[in-house]
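Remarks on the structure that follows.
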Amino acid sequence: MAHVNLKDVTKIYDGDVLAVEKANFQISDESFTVLVGPSGCGKSTILRMIAGLEEITEGDIYIDEERINDIPPKDRDIAMVFQNYALYPHMTVYKNMAFGLKLRKYPKQEIDQRVNEVADILNISHLLNRKPKHLSGGERQRVAVGRAIVRQPKVFLFDEPLSNLDAKLRVQMRMEISRLHDRLKATIVYVTHDQVEAMTMGDQIVVLNEGKIQQIADPGTLYHKPANQFVGGFIGTPPMNFIDTHIENDNGTPKLRFEDYSIELNSDLQTVLNDLSESSVTLGIRPEDIHVGENGENQVLTQVELVEPLGNHALLYLRTEKNNFVAQSSLVNLPQHNTPLTVSFDIDKAHLFHPETGDLLT
């Protein structure tokens with residue numbers, strides 16, 4: 001396998017449309033790196049530049065120590081799995097998987113050995129004589145993955161490969177691709193807009209928005225220490241709650257106020273506010289850190305707008321006079337719609353963000 005290095009990689013379309021701006025990151029050998037973000041954020045463009053399907057406007061891409069900017073796609077030793085499978089409809093599964101090896105003039109015996117080995121790994125040996133039109137979506141995706149694996153490339157590129165599958169099959173294919181990564185010790189770059197998919201599969205996640213990298217981290221760091229308000233709101237289901245607050249001074253102790261509620265802070269957050277020149281700050285808190293009941297500190301009286309039972313827990317959509325937020329509850333006796341409910345904020349789990357830049361302050 002190999003490592004990939006992007007240095008100041010920029011892509012501009014039609015002279016003035018900035019798709020990717022100075023992307024700098026490394027993909028370690030045998031790592032599973034996920035590029036995630038909303039539609040149009042530049043993640044697929046980065047993948048296609050690594051593959052050689054898009055020209056690089058500025059910057060350099062290296063595989064191992066070799067600069068590949070001017071190397072044709074076929075010579076980069078990369079295999080790509082596309083969103084739409086891209087199988088040849090007139091060929092059998094066997095011929096689809098063997099096609100790349102035949103182009104490279106591998107011996108017939110080696111082609112046969114590789115195809116059969118990979119088909120066995122993917123549990124598609126019984127499909128080798130079928131054509132794509134006789135396969136389900138999940139089976140077609142396995143064939144597309146198999147076609148990439150038989151190549152034994154330096155780097156695997158996956159461009160939203162599961163987006164056409166139903167929810168149950170997506171979960172199954174996530175596990176299968178993760179198991180393949182562990183088995184093959186492959187270097188994988190995987191693009192998705194689904195943050196759940198990113199968090200469950202990647203050991204390194206690159207979060208993008210509007211062509212810019214927002215944060216590069218492991219799943220735990222992204223969730224518990226988002227670099228900015230965008231990452232906090234994008235990572236997590238449901239996303240982090242954000243409340244605009246004013247900073248008030250209570251005999252030298254900084255507190256936060258929104259509407260008629262005063263939020264007391266721990267010493268770490270107080271220190272952050274003491275060093276801040278702004279008069280306001282955005283409070284970020286995840287749904288599981290908003291607790292139902294009148295036993296905790298920093299209590300807020302809310303109105304229940306919607307209750308969404310999800311088996312062993314429920315999501316409570318709450319509102320105050322000017323704010324809406326979501327809490328997660330494990331209550332057996334769930335509140336009714338349009339009833340008052342007191343909740344408390346676990347301030348030790350909260351985050352503070354700059355009111356203008358959105359950058360994390362804690």
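If you filter region 84-94 down to residues that are at pLDDT 90 or above and among the hydrophobic types (A, V, I, L, M, F, W, C), you find that the one that is surrounded by the fewest Cβ atoms within 10 Å (Cβ to Cβ) is Met91. Screening region 151-204 for residues that are touching a residue at least 12 places away in the same chain (Cβ under 8 Å) and of a type in the set (Lys, Arg) and picking the one that is nearest to Arg104 (Cα to Cα) gives Arg151. Could you list, in sequence order, the residues of region 22-53 that are under 16 Å from Glu197 (Cα atoms) and assigned to a strand (DSSP E or B)? Listed by number, the residues that qualify are Phe32, Thr33, Val34, Leu35, Val36. Among the criteria (1) over 30 Å from Leu222 (Cβ atoms); (2) at pLDDT 95 or above, the one Ile61 does not fulfil is (1). Screening region 189-235 for helices (runs of 4 or more DSSP H) wholly inside it with 3 or more residues that are farther than 13 Å from Phe32 by Cα and either open to solvent by 20 Å² or more (accessible area, probe 1.4 Å) or basic (Lys, Arg) (or both) returns the ranges 219-224, 229-234. Whether any residue in region 266-287 is out of contact with any helix residue (DSSP H, G or I) (no Cβ under 6 Å at 6 or more places or on another chain), open to solvent by 50 Å² or more (accessible area, probe 1.4 Å) and within 21 Å of Gly236 (Cα to Cα) is what I want to check. No, region 266-287 contains no residue that is out of contact with any helix residue (DSSP H, G or I) (no Cβ under 6 Å at 6 or more places or on another chain), open to solvent by 50 Å² or more (accessible area, probe 1.4 Å) and within 21 Å of Gly236 (Cα to Cα). The condition (being in contact with a strand residue (DSSP E or B) (Cβ under 8 Å, 6 or more places away or on another chain), at pLDDT 90 or above and open to solvent by less than 10 Å² (accessible area, probe 1.4 Å)) is satisfied by just one residue among Val155, Val115, Val145: Val155.
Let's see how each residue does on (1) touching a residue at least 40 places away in the same chain (Cβ under 8 Å); (2) touching a Gly at 6+ places or on another chain (Cβ under 8 Å):
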{"residue": "Tyr106", "(1), (2)": "no, no"}
{"residue": "Gln109", "(1), (2)": "no, no"}
{"residue": "Leu122", "(1), (2)": "yes, yes"}
{"residue": "Lys131", "(1), (2)": "yes, no"}
{"residue": "Ser136", "(1), (2)": "no, no"}
{"residue": "Gln141", "(1), (2)": "yes, no"}
{"residue": "Gly146", "(1), (2)": "yes, no"}
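Yes/no matrix, rows are residues, columns are (1) of a type in the set (S, T, N, Q); (2) under 12 Å from the mean Cα position of the chain (by Cα); (3) more than 27 Å from Tyr317 (Cβ to Cβ):
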| position | (1), (2), (3) |
| --- | --- |
| Val206 | no, yes, yes |
| Gly211 | no, no, yes |
| Ala217 | no, yes, yes |
| Phe234 | no, yes, no |
| Asn251 | yes, no, yes |
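Looking only at residues in region 295-313 that are in a loop (DSSP other than H, G, I, E, B) and within 29 Å of Thr271 (Cβ to Cβ), the one that is most open to solvent (accessible area, probe 1.4 Å) is Asn295. Exactly one condition in (1) of a type in the set (A, V, I, L, M); (2) touching a Gly at 6+ places or on another chain (Cβ under 6 Å); (3) at pLDDT 95 or above is false for Met97; which is it? It fails just one condition, (3).
Thr57: open to solvent by 30 Å² or more (accessible area, probe 1.4 Å), closer than 24 Å to Asn209 by Cβ and either in contact (Cβ under 8 Å) with a residue 12 or more places away in the chain or in contact with a Lys or Arg (Cβ under 6 Å, 6 or more places away or on another chain) (or both), yes or no? Judged against the criteria, Thr57 is a match. Within region 236-254, the set of residues being surrounded by 19 or more Cβ atoms within 10 Å (Cβ to Cβ) and over 26 Å from Glu210 (Cβ atoms) comprises just one member, Thr245.
The values are calculated or read from the model by the stated rules, or taken from the named source; none is laboratory data. Since this is a predicted model, take the numbers as computed values, not measurements. Quick reminder, even Gly has a Cβ in these numbers, built from the backbone with ideal geometry, and neighbours come from all protein chains shown. Areas reflect the complete protein model, heavy atoms only, side chains present, ligands, DNA and RNA absent. Shrake-Rupley method; radii C 1.70, N 1.55, O 1.52, S 1.80 Å.
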